[in-house]
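To start, the structure itself, in structure tokens.
The values are calculated or read from the model by the stated rules, or taken from the named source; none is laboratory data. Here the structure is a predicted model, which is why all the values come from computation and not from measurement. Note that each Cβ is placed from the backbone with ideal geometry, even for glycine, and that neighbours are counted across all protein chains shown. These accessible areas exclude ligands, DNA and RNA; they are computed on the full protein's heavy atoms, side chains included. Shrake-Rupley method; radii C 1.70, N 1.55, O 1.52, S 1.80 Å.
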Amino acid sequence: MKKVIIIGASSGIGKALVEVFSQNGYEVGLTARRTELLKEIQPALATKSYIKYMDLLKPDESILAFNELINEMNGVDIVVINSGTGFDSEKLEFSKERSAIDVNVLGFTAIAVASANYFENKGVGHIVGISSVAALRPYRTCPAYGASKAFISFYLRGLRHKFTRQKKDIYVTDIKPGFVYTPLTQNNGKMIWVSTAEKAATQIYKAIIKKKKHAYITKRWLLIAWLFRLIPDFIYNRF
């Protein structure tokens, strides 16, 4: 039976991904700070599951927890690094900007490195990072969020280059969601083309199974990505 670990599985896209993978026959490892929410999810899963406390604000401890979870699961085939945070405000606060960097950059990197080392030793595997359409263009009210998501995408490209040169059967997928209904976006009244977490998770799962290098979620956000690349700064800055 195939096995997957979902980092940040307590709510939103992570929770929906756990359910989709389980429905498709995968044993699932669930990690989050709020393990009480993971325990609420667990009984409804169709396959065997494992729970592990993880706080990406503590990267060294997260690496230890990640490796413990792999041992408890007797190996893993796919790792999805989904945890992330960000804030949207006209008034920037260093504490909030730092939180986005600590989780989305340092925390992500901790698990990405641990995953890469594990799969490199194994010789096969799949690393998935949840970035964002926000990685494509900076935005004035959440610069750290967009910058941190851009870091994730670029880091994943680096890992893909590494494994391609090694000619190992290790895949790397960069997922860029647009707006999705999650606890992170529940107070955002400016969203367009909003997807449910369930629909997003279904499309993410399909992209992973197809071993895509990158995917926009939902698919219509590919159009926005195309526009972002074409619009010059003097026009973009008016928005």
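Observations on the model:
- Orientation-averaged projection of segment 22-175 equals 9.7 nm² [convex hull of Cα atoms, one quarter of hull surface area].
- Accessible surface for residue 196 stands near 70 Å², nearest 10, in the context of the full protein assembly shown (1.4 Å probe).
- With Cα atoms, 0 to 90° folded angle of helix 221-230 axis to the chain main axis: 50
- Highest-MSF residue in the chain out of 105, 20, 124 [GNM, Cα springs under 10 Å]: 124
- Computed over the chain, relative contact order equals 18 percent, with contacts defined as Cα pairs under 8 Å that lie 6+ residues apart.
- Fluctuation leader among 143, 43, 59 - the chain, Gaussian network, Cα springs under 10 angstrom: 43
- Positive-end residue of 159, 145, 53, charge dipole of the chain with Cβ unit charges: 159
- Karplus-derived 3J(HN,Hα) values for segment 117-125, using 6.51 cos²θ - 1.76 cosθ + 1.60 with θ = phi - 60°, are 5, 5, 5, 5, 5, 6, x, 7, x Hz; glycine and proline are entered as x.
- Fraction of accessible area attributable to carbon and sulfur, the chain (%, probe 1.4 Å): 55
- Euclidean distance between Cα centres, segment 104-145 to segment 1-54, Å: 19
- Interchain or long-range residues, amide H under 5 Å from residue 29's placed H: 4, 5, 6, 50
- Qualifying GluC sites (Glu not before Pro) for segment 1-110 [loop in DSSP, other Cβ within 10 Å: at most 13]: 90, 93
- Solvent exposure of residue 91, expressed as accessible area, is near 150 Å², computed with a probe of 1.4 Å over the protein chains only.
- Exposure ranking of 202, 164 by accessible area [1.4 Å probe, largest first]: 164, 202
- The residue among 209, 83, 119 whose Cα reaches farthest toward the positive pole of the charge dipole of the chain, with charges on the beta-carbon of Lys, Arg, Asp and Glu, is 209.
- Dipole in debye (nearest 20) - segment 1-93, about Cα centre, beta carbon charges: Lys, Arg +1; Asp, Glu -1: 260
- Note that the chain presents 52 Å² accessible area per residue, ligands and nucleic acids not counted, probe 1.4 Å.
- When all protein chains stay in place and ligands, DNA and RNA are ignored, the 1.4 Å accessible-area order of 77, 60, 174, largest first, is 60, 77, 174.
- Every helix of 4 or more DSSP H residues in the chain counts as -39500 (n - 2.57), and over all residues that averages to -14000 deg cm²/dmol at 222 nm.
- Accessible-area ranking of 221, 226, largest first, probe 1.4 Å: 226, 221
- Dipole magnitude of the chain about its Cα centre (Cβ charges: Lys, Arg +1; Asp, Glu -1), debye to nearest 20: 1020
- Rounded to 10°, Cα long-axis angle of helix 197-209 versus longest principal axis of the chain: 60
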